[in-house]
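*Asks:* Sharing a structure with you now.
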Amino acid sequence: MSVESKSHDWAGKKVFTTGEAAEICRVSQQTIIRCFDRGKLQGFRVPGSRFRRIPRAELLRFMRDNQIPLDALRGGRKRVLVVDDDTEILELFRLMFERDDRFEARFAASGYRAGVETLAFLPDLILLDYMLPDINGDEVLRTLKEGDSTQHTRVIFVSGVIRENDIERLLALGAEDVVRKPFDVRALLDRAAELLGV
């Protein structure tokens, strides 16, 4: 069975066999087993057998580190996390993403919630308000770039009050873009699609 025909099955799966991982990554099962045995791909062995199992987050990390497209594992939709403490902005984005089947979106209104969602959801892109009540954008960006499973997550900052030298610093730290409020939601969605290649 091809990867494309099984992509829907992969989207909700939490743990993978070496054969499934090989099919998703489009490599041989022996390659996956070698990576597992050499510690390049973490997982666990089924008690009482030689069977190896790979958790979803670890397979995503391995694929990102080796520039393997994530589409097969995610059913083709790109994951976006929107973080803003303004409920009206969150609702605006919720409506936009509900109408656009290229994306799967989740939403958070605080830095703490964003951290929880990021680890659970592993977004491809975060649309991030620069000034949140409990944390600022610099800290969020540094944390993302230092994490094994999040270092490739793209970030577009959205801000109502931001200075030119702040923008330069955020771009130097690894942000993809900085957009000032008020903004054109459609244009921001198009920018997200451009960044993620959809």
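*Asks:* Looking for something in contact with a Pro (Cβ under 6 Å, 6 or more places away or on another chain) and modelled with pLDDT of 85 or more - is there at least one such residue anywhere in the range 82-89?
*Replies:* yes
*Asks:* Which of the residues belonging to the range 121-139 are of a type in the set (A, V, I, L, M) and touching a strand residue (DSSP E or B) at 6+ places or on another chain (Cβ under 6 Å)?
*Replies:* Leu125, Ile126, Leu127, Leu128, listed by residue number.
*Asks:* Moving to a separate point now. For residues in the range 161-170 being in contact (Cβ under 8 Å) with a residue 24 or more places away in the chain and part of a loop (DSSP other than H, G, I, E, B), which is surrounded by the most Cβ atoms within 10 Å (Cβ to Cβ)?
*Replies:* Among those residues, the one meeting the criterion is Ile162.
*Asks:* Does Leu173 count as surrounded by fewer than 18 Cβ atoms within 10 Å (Cβ to Cβ), closer than 21 Å to Gly115 by Cβ and either in contact with an Asp or Glu (Cβ under 8 Å, 6 or more places away or on another chain) or outside the structural domain of Asp100 (by TED's automatic domain parsing) (or both)?
*Replies:* Yes.
*Asks:* Just to verify a result, which residue in the range 75-129, among those that are of a type in the set (Ser, Thr, Tyr) and assigned to a helix (DSSP H, G or I), is nearest to Val198 (Cα to Cα)?
*Replies:* Among those that are of a type in the set (Ser, Thr, Tyr) and assigned to a helix (DSSP H, G or I), it is Thr118.
*Asks:* Only one residue in Asp129, Asp148, Asp134, Asp124 is touching a residue at least 40 places away in the same chain (Cβ under 8 Å), loosely packed, with under 14 Cβ neighbours inside 10 Å and in the same structural domain as Val83 (by TED's automatic domain parsing). Which one?
*Replies:* The unique qualifying residue is Asp148.
The values are calculated or read from the model by the stated rules, or taken from the named source; none is laboratory data. It should be emphasised that the depicted structure is a prediction, and the values quoted were computed from it without experimental measurement. Don't worry about glycine lacking a Cβ; one is built from the backbone with ideal geometry, like all the others, and counts go over all protein chains shown.
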